[in-house]
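Written out below as structure tokens is the structure these notes cover.
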Amino acid sequence: MDTKMGFPGGGGGGKMWHKWWEKISGQGCKIHQQYYQYIGSKRVKRALWRKLLLTWVVGWIIVSLWILCYLSLQGIEKRKETLASLCDERARMLQDQFNVSMNHIQAMSILISTFHHAKNPSAIDQKTFARYTERTAFERPLTSGVAYAVRVLHSEREQFEKQQGWIIKRMDTLEQNPVHKDDYVPEALEPSPVQEEYAPVIFAQDTIAHVISVNVLSGKEDRENVLRARESGKGVLTAPFRLLKTNRLGVILTFAVYKRDLPSNATPNERIQATDGYLGGVFDVESLVEKLLQQLASKQTVIVNVYDTTNHTHPIAMYGSNESGDEFYHVSTLNFGDPFRKHEMHCRFKQKPPWPWLAITTSFGILVIAFLVGYIFHATVNHIAKVEDDCREMMELRERAVAADIAKSQFLATVSHEIRTPMNGVLGMLHMLMDTDLDVTQQEYVRTAQESGKALVSLINEVLDQAKIEFGKLELEAVLFDIRAILDDVLSLFSEKSQGKGVELAVYVSDQVPEFLIGDPGRFRQIITNLMGNSIKFTDKGHIFVTIHLVEEVVHSIEVDKESNSENTLSGSVVADSRKSWEGFRAFSQEGPLGSFSSPSNDLVNLIVSVEDTGEGIPLESQPRIFTPFMQVGPSISRKHGGTGIGLSISKCLVGLMNGEIGFVSIPKIGSTFTFTAIFTNGHRSSNECKIQQTNNQPRSASSEFEGMTALIIDPRPVRAKVSRYHIQRLGIHVEMVSDLNQALLAISNGNIVINMVLIEQEVWDRDLGLSSHFVNNTRKIDHGVPPKLFILVNSSSSFKAIVNLGADNPTVITKPLRASMLAASLQRSMGVQNKGAPRNRELQSLSLRHLLCGRKILIVDDNAVNRAVAAGALKKYGADVVCVSSGKDAISSLKPPHQFDACFMDIQMPEMDGFVATKQIREMEQSVNREASMDENVRNWHVPILAMTADVIQATHEKCLGGGMDGYVSKPFEAEQLYREVSRFFQSS
């Protein structure tokens, strides 16, 4: 079924609109970005912006009008599509029902051929035909009646009329003079004129029984259709005409009835000769279309007209009215099976199309949005102009701030150099003064001055470390060190303060911790010193306890898991639970790095260090900002205890550089516990560096003179007894522990183990002086062997008086905190054990340096006369031959090959020519000489060791010195240990 539209157009408006809007939005975003990019680099002139704004507004007005037209057309096309769908539906239903009726009429023609013409006598009469057609009328929904006209030749007319009892009537007068149905009288029709053949109706449905006896060949239109039907063998339609009696427009569908022996491929002449009659079906078009439309719910919305368009210039209206409606219409072609006749159905809406509100609101909305965007752009330009001015001002302020930071850094460097340079002279001269003949009072004065100078240098170092942290320039070393020796040094630093307060100070290092580690001992010492320094400040009674374990020990609760009660602490005081200080560490979580440290094949060592005290504690409101630089708990704290408040901040940064974490738990009036982790590399004692480090730090604590001895410790507190055992075992002494004097006397009297020394805790001794005296007397009466030597472990020298009054055989007093070197010296003096010639630590360093420097010719380069004197005095003390110059140019002249110098100590910051420039020229001079003499194997290859000597601890880093051609770095003021560590890399003992 073909369709035609009144106006061209297409569908899919919704999808096209969606795509169009996405495109517009995308272009808008791109324009916005490009605009910002352009504005950010160049300011748009106001006049140009006004033109752009005007262009924007006009352009979007045009766009909105186009959108209005586009959407309106889309609405019209949608309306046309709806009309086409409704019209096609009606045309299809009408056509389908007509085909059903046509097929049934064709079937009736075969029935008549079979039962009327093939039977003699006929099996069909008018009554039978009428009854049959009445009962089967539902199968022909569009027909108003069916009639059969037989073919009668002129020679047969008379006999036929006699047989039928009526004469054959003519039809052409009815075509010329139509009559109303009420005036129609069949008997009044005229007889049919003489013709070669006739086609009178002999059978008819009751609804059209009035056509019986009418000759259908007497009418012009009917005659042409009948003749076409019998020639073609198909159904043929008439043109619309007024039906007899009803006077309504209708058409007749005619089929020819042939003899039964007609072949299917018969020619037209054969079909004419074989024709017996004609079967016609009458279609009342107006009533049939009306019935069809009543079956549809949307009947009232569409006006339908049916036309016969066989003659295109004068179409015949078969159904419809002149009712006004929409100007747009749709045409659907009808195919009723007759190729000669053409039919069409015209449809249009009854109502006029509504206003295109969607198009109107959309275009208006887009126009409003465009105006708003234009306004936003306009406001943005003004805002960007203001932001540019603000940004320019901020850039200027930033440049000033950067310049201020640079000035601050340079100021710190300069101040550090200017302060440390005279401090180097002060401390150096005091050190040299101590080597002269002084009485006890003078030595105390010099020692006090040295401590004050060192405290000032320490304060400067803290401020400089904070500056390094802010600039990210703080880096760690990686050297071999003995962690137990470092803790002994820290204990020595705080021993006097702890003894003065009567606070017990102790250190315990687990046996699982390797003896030697690789890391930065100076920074590790700095962390311990900061934490212990705070504990000393805020603790007036009780204890301060430092413990070091492997993280694996803590995780698996090996020797560490303890309850915070008074019976299981160092001094018996209640402490904060240390487990809460590290419970959030990554090392103790499943995602943490614990697995990588628990493997025995891994060289990494993860330590956990706790500093526990029974001091004042930290107020709850101050705990969240405890690691903030320059933070004090309160203004009264800084007045009472002093300090800058940056120790913990620096410690946290150093712990982070060691890949560790730091935390704390603090309870006011109870105490605090700070815990941190740090990762080091396991050191191998077989390395040469291990031997060097041993010499630098301390002699091995397990002295051979105590090997094989046994000590008995009397202490009721397991934690304190464990600390004492730790220090004594470091000397190679076997240790037994008991909790009271009676158990100790029983252990000594048994004789199973030879006890060489008994160490009694002052708490046990003071508990019952009578029992203590009885214990001393009984130990003197032992029959087997030499009686053990008695020692009393006390916290402060104030306990000496109570012990002195006991009698002549007073035990030896050892004042805590215990350290391996101090403990060894006390045991040697009391037990008469000689050190087998091994020099003390200070003597060992002096002896080693004397072996290295004796006879060496060393050049000292420094612009400061005091520093030259201090350095020269320090080196001459160890037998070196020292020459001093005051500038870099003099150093170049002195070190021009050939020369006799074995080393050069060069200051970095000097006027005219600094140490880096001088070193560079010296190295170039040496390379030039070496190239000229490269062919002679007997000529010496010149490279004098140059050690940087400066007080600038920020700019003169170790890497910068090495990059400048120097061989080492010595920070002023330098000491014997640092001097030995650098010199020993170039000189061998003579």
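Restricting the stretch 800-821 to residues that are at pLDDT below 85 and either aromatic (Phe, Trp, Tyr) or within 60 Å of the chain's Cα centre (by Cα) (or both), the residue that is most open to solvent (accessible area, probe 1.4 Å) is 800. One residue stands out in the stretch 187-205 among those that are part of a loop (DSSP other than H, G, I, E, B) and of a type in the set (D, E, K, R): the one that is nearest to residue 123 (Cα to Cα), namely 196.
The numbered conditions (1) over 17 Å from residue 287 (Cβ atoms); (2) part of a helix (DSSP H, G or I) are all true for residue 208 except (1). Across the stretch 393-411, not a single residue is classified as part of a helix (DSSP H, G or I), buried (at least 16 other Cβ atoms within 10 Å of the Cβ) and within 35 Å of the chain's Cα centre (by Cα). Against the criterion of being assigned by the TED database to the domain that holds residue 518 and open to solvent by 20 Å² or more (accessible area, probe 1.4 Å), residue 447 does not qualify. Of the strands (runs of 3 or more DSSP E) lying entirely inside the stretch 842-925, the ones with 1 or more residues being assigned by the TED database to the domain that holds residue 962 and small (Gly, Ala, Ser) are found at 903-906.
Right, residue 485: buried (at least 21 other Cβ atoms within 10 Å of the Cβ), part of a helix (DSSP H, G or I) and not polar (S, T, N, Q) or not?
Spelling it out, residue 485 is indeed buried (at least 21 other Cβ atoms within 10 Å of the Cβ), part of a helix (DSSP H, G or I) and not polar (S, T, N, Q).
Taking the criterion of being open to solvent by 30 Å² or more (accessible area, probe 1.4 Å) and modelled with pLDDT of 85 or more, the residues of the stretch 234-257 that qualify are 234, 252. Only a single criterion out of (1) over 23 Å from residue 450 (Cα atoms); (2) outside the structural domain of residue 611 (by the TED database) is not satisfied by residue 483, namely (2).
One line per residue, one yes/no per condition, for (1) in a strand (DSSP E or B); (2) outside the structural domain of residue 232 (by the TED database); (3) open to solvent by less than 80 Å² (accessible area, probe 1.4 Å):
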residue	(1), (2), (3)
314	no, no, no
327	no, no, no
336	no, no, yes
355	no, yes, no
359	no, yes, yes
366	no, yes, yes
372	no, yes, no
376	no, yes, no
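Count of the stretch 652-662 residues, restricted to those that are buried (at least 17 other Cβ atoms within 10 Å of the Cβ) and not in a loop (DSSP other than H, G, I, E, B), is 5. With respect to the conditions (1) under 52 Å from the mean Cα position of the chain (by Cα); (2) modelled with pLDDT of 85 or more; (3) polar (S, T, N, Q); (4) open to solvent by 40 Å² or more (accessible area, probe 1.4 Å), residue 499 lacks only one, and its number is (1).
Report yes if residue 455 is outside the structural domain of residue 971 (by the TED database) and either out of contact with any helix residue (DSSP H, G or I) (no Cβ under 8 Å at 6 or more places or on another chain) or part of a loop (DSSP other than H, G, I, E, B) (or both), otherwise no.
yes
May I ask you to verify whether residue 410 is at pLDDT below 80 and out of contact with any strand residue (DSSP E or B) (no Cβ under 8 Å at 6 or more places or on another chain)? It is true that residue 410 is at pLDDT below 80 and out of contact with any strand residue (DSSP E or B) (no Cβ under 8 Å at 6 or more places or on another chain). When residues of the stretch 613-644 are filtered for being open to solvent by 20 Å² or more (accessible area, probe 1.4 Å) and either modelled with pLDDT of 55 or more or small (Gly, Ala, Ser) (or both), how many remain? Summing the residues that are open to solvent by 20 Å² or more (accessible area, probe 1.4 Å) and either modelled with pLDDT of 55 or more or small (Gly, Ala, Ser) (or both) in the stretch 613-644 gives 20.
Scanning the stretch 273-309 for residues that are farther than 22 Å from residue 96 by Cβ and either open to solvent by less than 20 Å² (accessible area, probe 1.4 Å) or modelled with pLDDT of 85 or more (or both) yields 273, 274, 275, 276, 277, 278.
Okay, residues lined up against (1) surrounded by fewer than 15 Cβ atoms within 10 Å (Cβ to Cβ); (2) polar (S, T, N, Q); (3) part of a helix (DSSP H, G or I):
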residue: 63; (1), (2), (3): no, no, yes
residue: 72; (1), (2), (3): no, yes, yes
residue: 88; (1), (2), (3): no, no, yes
residue: 98; (1), (2), (3): no, no, yes
residue: 102; (1), (2), (3): no, no, yes
residue: 107; (1), (2), (3): yes, no, yes
residue: 128; (1), (2), (3): yes, yes, yes
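Here the stretch 943-958 is the region considered, the condition is being of a type outside the set (A, V, I, L, M, F, W, C) and modelled with pLDDT of 70 or more, and the residue that is surrounded by the most Cβ atoms within 10 Å (Cβ to Cβ) is 950. Answer with yes or no whether residue 262 is assigned to a loop (DSSP other than H, G, I, E, B), free of Cβ contacts under 8 Å to residues at least 60 places away in the same chain and open to solvent by less than 60 Å² (accessible area, probe 1.4 Å). Yes. Candidates 448, 441: the one that is free of Cβ contacts under 8 Å to residues at least 24 places away in the same chain, out of contact with any Cys (no Cβ under 8 Å at 6 or more places or on another chain) and more than 27 Å from residue 876 (Cβ to Cβ) is 441.
The values are calculated or read from the model by the stated rules, or taken from the named source; none is laboratory data. The structure presented is a predicted model; accordingly, all values stated were derived computationally and were not measured. Every residue, glycine as well, gets a Cβ built from its backbone with ideal geometry; the counts of neighbours run over all protein chains shown. Surface accessibility is based on the protein's heavy atoms, side chains included, excluding ligands, DNA and RNA. Shrake-Rupley method; radii C 1.70, N 1.55, O 1.52, S 1.80 Å.
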